[in-house]
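Single-structure report; data block below.
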Amino acid sequence: MVSPLRLHADERVERRANRLDPQTVEVPTRTAPVREAPLPTSGKYPPLFAVMGAHGGAGTSTLARWWAPAADTGSAWPASTATTQRVIVAARMCIPGLAAAAERLREWHAGLAPDGVTVIGLALTAARPGKVPVAVRRYRSVIAELVDVVYEIGWHDELVVTELVDLAQFTPFDPAPARRRVRLREAVPADVHSAGHQIITRLAADRGPVAAQQNSETTS
């Protein structure tokens, strides 16, 4: 079976260096807990990345359900080297949510997260239906400077009446969803699919040079 990390391995995601100089980062007053146990494996593969909530109600369970290659690490940094330490920080698109996300991102940049942890993005889910207030958008642009990429997930009414286990899932082999609106039991929303595809593409791109070097060392 083909490893999902080999999907789109020929694609490259342009991004800046993803770690700031710790000396330039304001250290947060509170740090997140640490998860010492390995992340759970619920699908065909061990998780490729973890979803970590910057605050309560950040939507980690829903996002980790939607993205089949993900695992929910709650509000804790994944410290075990037995499973992935690549992290998507999750928060609500509101001032308190963004402030909490900034704390977790500054914590990582300051070198206070467990060794081996790499933050690969920030997932912001809508705090309410409708237009995002201007003040929130402005603050979002400031927080975005602390992370390589921001994935925005909109408001989906059907989540209110759908059990978590009934939600459809994105896998790396899935084609893009139909343009027409579908029930969440049948397919993931387009924004969820797009974010999942971008995350997997990035992981494949990151793995490409490493795999090439390993192959070179093996054949030399």
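Run down 158, 186 and say which single residue is touching a Lys or Arg at 6+ places or on another chain (Cβ under 8 Å), surrounded by fewer than 18 Cβ atoms within 10 Å (Cβ to Cβ) and farther than 21 Å from residue 87 by Cβ.
Only one candidate qualifies: 158.
Can you name every residue in segment 131-171 that is touching a His at 6+ places or on another chain (Cβ under 8 Å) and closer than 20 Å to residue 62 by Cβ?
Across segment 131-171, the qualifying residue is only 170.
Taking the options 28, 46, 38, name whichever one is assigned to a loop (DSSP other than H, G, I, E, B), modelled with pLDDT of 95 or more and more than 17 Å from residue 120 (Cα to Cα). Can you show your working first?
Details: 28 fails: modelled with pLDDT of 95 or more; 46 fails: modelled with pLDDT of 95 or more.
Only one candidate passes the filter, namely 38.
Can residue 117 be described as β-branched (Val, Ile, Thr), closer than 17 Å to residue 51 by Cβ and touching an Asp or Glu at 6+ places or on another chain (Cβ under 9 Å)?
The answer is no for residue 117.
Kindly provide the set of residues from segment 152-197 that are more than 21 Å from residue 132 (Cβ to Cβ), in a loop (DSSP other than H, G, I, E, B) and under 17 Å from the mean Cα position of the chain (by Cα), ordered by number.
Within segment 152-197, 169, 171, 172, 188 meet the criteria.
Where residues in segment 49-59 are part of a strand (DSSP E or B) and touching a Gly at 6+ places or on another chain (Cβ under 9 Å), which of them is surrounded by the most Cβ atoms within 10 Å (Cβ to Cβ)?
Per the criteria, the residue is 52.
Those residues that are surrounded by fewer than 23 Cβ atoms within 10 Å (Cβ to Cβ), part of a loop (DSSP other than H, G, I, E, B) and in contact with a strand residue (DSSP E or B) (Cβ under 8 Å, 6 or more places away or on another chain), I need them from segment 60-107; list them, please.
Passing the criteria: 68, 74, 75, 76, 79, 80, 83, 85.
The values are calculated or read from the model by the stated rules, or taken from the named source; none is laboratory data. Being a predicted model, the structure only gives us computed values, none of them experimental. With ideal geometry, Cβ positions are generated from the backbone for all residues, glycine too; neighbour counts draw on all protein chains shown.
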